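Chemist: Provided herewith is a single structure, encoded as structure tokens, for subsequent inquiry.
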Amino acid sequence: MDTVTVLLLTFILSVSGLFVFIWSLRRNMFDENPEAAKVIFSTGEIGHVEDPSATPEQRAGLQQVVIDSGKAVIDPTLSQQLKEELAERLEADRSTSYVSFVFLSCAIVWLVVASSFGLISSIKLHSPEFLTQYAWLTFGRTRTLHLNMVAYGWCPMAAFGIAIWTLPRLLKTPLIGGRFALLGCMLWNAGLIAGLGAIAAGINDGLEWLEIPWQVSILIVMGGALIALPLVFTLRNRKVQHIYVSIWYMGAALFWFPVLYLVGKVPGVHFGVEQATMNWWFGHNVLGLYYTPIALGSIYYFLPKIIGRPIQSYNMSLIGFWALAFFYGQVGGHHLVGGPVPHWLVTLSIVQSMMMIIPVLAFSVNQHLTMKGHFKTMYYSPTLRFIVLGAMMYTLSSFEGSFEALRSVSTVAHFTHFTVAHAHLGLYAFFTITMFGAIYFVMPRIMSWEWPHPKLIIVHFWLVAIGFAIYFVSLSIGGWLQGLDMINPAKPFMDSVLVTIPYLEGRTVGGALMTLGHLVFAVHFVLMALRYGTSRVGPALLHKHRQPEQQAIAGA
């Protein structure tokens, strides 16, 4: 079968499946408030803003923006019914508080340690003599340690913590089987620590994203299975008829990840070119089918909750979900452009990469229309700044990834720092920043305590935002110049190395700011965990001296 036939059949099948799904949905895609989009709100709650990280003054300003938009639907006659429904939500929050706190605490530890190794690796790229006295501190090991700490430490621990907290809320039932999740967390972290020790000692499986020896990975697989059990139990005992789109995204991610990891780590199966193909099938899909759905599900929950209005088009959110499932599976092959793999396989990957524009547009348009008239809320809502920035970076990352897959672009950008910049645009600017916002929202509910120093949230935001901007711009420019020199036969290879040095130094500056932001975040997290800091009256607590009606609305 020739390449043109493969491409034509793939395009027809993908588009036909998408249009059949669209046809099967209800009409009026842009209907503002379908009932399905309202399930995340309790009776009479639409129109009430919610941001546990905001000060009372910020929350007042946030509420005023929503009222000024003319879309607030506040009905004081429903306050008693709202109190009853919020009592059930508080019960769900209590059932997840300890489990989620354990996962998020582990995530914070891995974030700080991973950032330190990432900064060391960055410095070594322009100062190769830095910390060379120990083998485990050489670039090949520090960079690999950094990657695995992020990919299997910070990211999954944060994702599990947010998912475990969010799903019982959406299902309106307490978490069932939380002890399985705690045991799974212990096994997962034990496997990760053992795997990192093996990598530091020079023992790994030699595949990017899959360096941890498969013997140790068994613990991670067992841990992941145990973590998923409470979510399955809770889903089966749900008290809601409609499953909100965030559950679709998070549930699918928790199913896709073990399949991806098991296929990637089965020993003695993948060899040669097939191994390389599998490697990038896994490497790309773990981002697109695990981290991405968790972050998108979080955005679809937290963004509407903060501004107090349902998402603009619930049908469009489902289109985005299914289009992601249809199109993402084979995009990893574009990393093998120029490699000894079938030509049609790479071309198929490029086509699938371009088709990803469909779910990205569905998500981006939906979020923009939801925020329309409410963008001023970001001035008042610390949490929303992270959530909206993360959502914007998803759009940017996905569009860049689709066009980077084209052969004309990949010829220059492949094997350069440009690709590193793009990877961080997805896993950091999109996923990590979204998780920051989600953690700022859930921690006051978990701890029944307010963030002690709200100004530290602002410091954290600007450090990571400015730091990443410097990081991304430096690597993108330096990587593109590097690629142009690499494909120029008139220039020696060393020219492509020397041209990157100033931009690698810029990367270190940006990385240092990001690391400093992570330290601020971690210190603030510890202060909250220890219930330290100035006590203040805000929306995060059920204060006894407040009126019951106000207390219920603001504190749940």
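The values are calculated or read from the model by the stated rules, or taken from the named source; none is laboratory data. Quick caveat, the model's predicted, so the values are computed rather than measured. Ideal geometry is used to build each Cβ from the backbone, glycine not excepted, and the neighbour counts take in all protein chains shown. These area figures cover heavy atoms from the full protein model, side chains too; ligands, DNA and RNA do not enter into them. Shrake-Rupley method; radii C 1.70, N 1.55, O 1.52, S 1.80 Å.
Chemist: What are the ³J(HN,Hα) values, in whole Hz, obtained from phi via the Karplus relation 6.51 cos²θ - 1.76 cosθ + 1.60 with θ = phi - 60°, for each residue of region 423-431 in sequence order, with x given for Gly and Pro?
Modeler: So the Karplus estimates, Gly and Pro as x, are 4, 6, 4, x, 7, 9, 4, 8, 5 Hz.
Chemist: Calculate for the chain the 222 nm mean residue ellipticity that helices alone would give, adding -39,500 (n - 2.57) per DSSP H run of length 4 or more and normalising by residue count, nearest 500 deg cm²/dmol.
Modeler: That comes out to -23500 deg cm²/dmol.
Chemist: Multiply the residue gap between Q215 and E91 by 0.36 nm, knock off their C-alpha separation, and tell me the result in nm, one decimal place.
Modeler: 40.6 nm
Chemist: What does the charge count near L137 come to, summing +1 for each Lys or Arg and -1 for each Asp or Glu among other residues with Cβ under 12 Å from its Cβ?
Modeler: Neighbour charge sum, excluding L137 itself: +2.
Chemist: Same structure, new question: Taking H placed 1.01 Å from N in the peptide plane, check which residues at least 5 places from G308 or on another chain put their amide H under 5 Å from its amide H.
Modeler: Close amide H contacts, sequence-distant or interchain: E50.
Chemist: Step by step: find N for region 230-349, compute 2.2 N^0.38 Å, then divide the Cα radius of gyration by it. What's the final number?
Modeler: Values: Rg = 17.5 Å, N = 120, 2.2 N^0.38 = 13.6 Å.
Rg over 2.2 N^0.38 Å, computed on Cα atoms: 1.29.
Chemist: Rounding to the nearest 10 and keeping the result within 0 to 90°, find how far the Cα-based axis of helix 382-404 lies from the longest principal axis of the chain.
Modeler: That helix lies at roughly 30 degrees to the long axis.
Chemist: Semi-axes, largest first, in whole Å: what does sqrt of 5 times each Cα gyration tensor eigenvalue give for the chain?
Modeler: 38, 27, 23
Chemist: Right, next: When N counts the residues of region 231-278, how does its alpha-carbon radius of gyration compare numerically with 2.2 N^0.38 Å, as a ratio?
Modeler: That works out to 1.71 for region 231-278.
Chemist: In whole Å, largest first, what are the principal axis extents of the Cα atoms in region 307-432?
Modeler: Answer, in whole Å and largest first: 53, 31, 19 Å.
Chemist: Add +1 for every Lys or Arg and -1 for every Asp or Glu among the other residues with Cβ under 14 Å from the Cβ of T500, and state the total.
Modeler: 0
Chemist: Alpha carbons only, please: Rg and Dmax for region 428-515, in angstrom.
Modeler: Using the Cα atoms of region 428-515, the pair Rg, Dmax is 18.8, 65 Å.
Chemist: Please tell me the relative contact order of region 181-324 in percent, rounded to the nearest whole number, where contacts are Cα pairs under 8 Å and at least six residues apart. Show your work: numbers first, answer last.
Modeler: On the way: 122 pairs, mean separation 36.4, N = 144.
Answer for region 181-324 is 25 percent.
Chemist: D for region 96-230, whole µm²/s, Stokes-Einstein with Kirkwood Rh over alpha-carbon pairs at 37 °C and 0.692 mPa s: what number?
Modeler: 210
Chemist: OK, next. Give me the percent of the accessible area of the chain that comes from carbon and sulfur atoms, probe 1.4 Å, all protein chains in place.
Modeler: 69
Chemist: Treating each Cα of region 157-302 as an identical point scatterer and ignoring solvent, apply the Debye formula and state log10 I(q)/I(0) at q = 0.20 Å⁻¹.
Modeler: Relative scattering, expressed as log10 I(q)/I(0), comes to -1.20.
Chemist: Counting only protein chains, not ligands or nucleic acids, how are S116, S381 ordered by accessible area (probe 1.4 Å), most first? If you can, show how the numbers build up before the last one.
Modeler: Numbers: S116 50, S381 0 Å².
Largest accessible area first, the residues go S116, S381.
Chemist: How far is it, in nm, from the label point at Q275 to the one at V259 when both lie 7 Å from their Cα along the line to the Cβ?
Modeler: Once both label points are built, they end up 2.6 nm from each other.
Chemist: Sequence gap at least 6, Cα distance under 8 Å: using those rules, report the relative contact order of the chain to the nearest whole percent.
Modeler: Averaging sequence separation for qualifying contacts and normalising by length gives 21 percent for the chain.
Chemist: Also, I was wondering about something else. Leaving ligands, DNA and RNA out of it, rank M356, M393, M486 by accessible area with a 1.4 Å probe, largest first.
Modeler: M486, M393, M356
Chemist: Please compute the Cα-Cα pair-distance distribution of region 417-461 with 5 Å bins starting at 0, giving whole percents from short to long.
Modeler: Over region 417-461, the share of Cα pairs per 5 Å bin runs 5, 19, 20, 20, 13, 11, 7, 4, 1 percent.
Chemist: Moving on. Probe 1.4 Å, all protein chains in place: accessible area of L530 in Å², nearest 10?
Modeler: Taking all protein chains as shown, L530 has close to 130 Å².
Chemist: In degrees from 0 to 90, rounded to the nearest 10, what is the angle of the helix 178-200 Cα long axis to the longest principal axis of the chain?
Modeler: 30
Chemist: How far apart, in nm, are two points set 7 Å out from the Cα along the Cα-to-Cβ line at V365 and at S448?
Modeler: Result: 4.6 nm between the two label points.
Chemist: Can you give me the distance in nm between label points at A135 and I487, each placed 7 Å from the Cα along the Cα-to-Cβ direction?
Modeler: It is 4.0 nm.
Chemist: Follow-up question, since we're still on this one. Would you kindly derive the ³J(HN,Hα) couplings of region 91-108 from the backbone phi angles with the Karplus curve 6.51 cos²θ - 1.76 cosθ + 1.60 (θ = phi - 60°), listing them in order in whole Hz, with x for Gly and Pro?
Modeler: 5, 4, 4, 5, 5, 9, 4, 5, 4, 5, 4, 4, 5, 5, 5, 4, 4, 5
Chemist: Choose one of G184, L86, F441: the residue whose Cα lies farthest towards the positive end of the charge dipole of the chain (beta-carbon charges +1 Lys, Arg; -1 Asp, Glu; about the Cα centre).
Modeler: Highest projection toward the positive end goes to L86.
Chemist: Rounded to whole Hz and in sequence order, give me ³J(HN,Hα) for region 120-127 from the Karplus expression 6.51 cos²θ - 1.76 cosθ + 1.60, θ = phi - 60°, writing x for Gly and Pro.
Modeler: Result, rounded to whole Hz: 4, 4, 5, 4, 5, 5, 10, 9.
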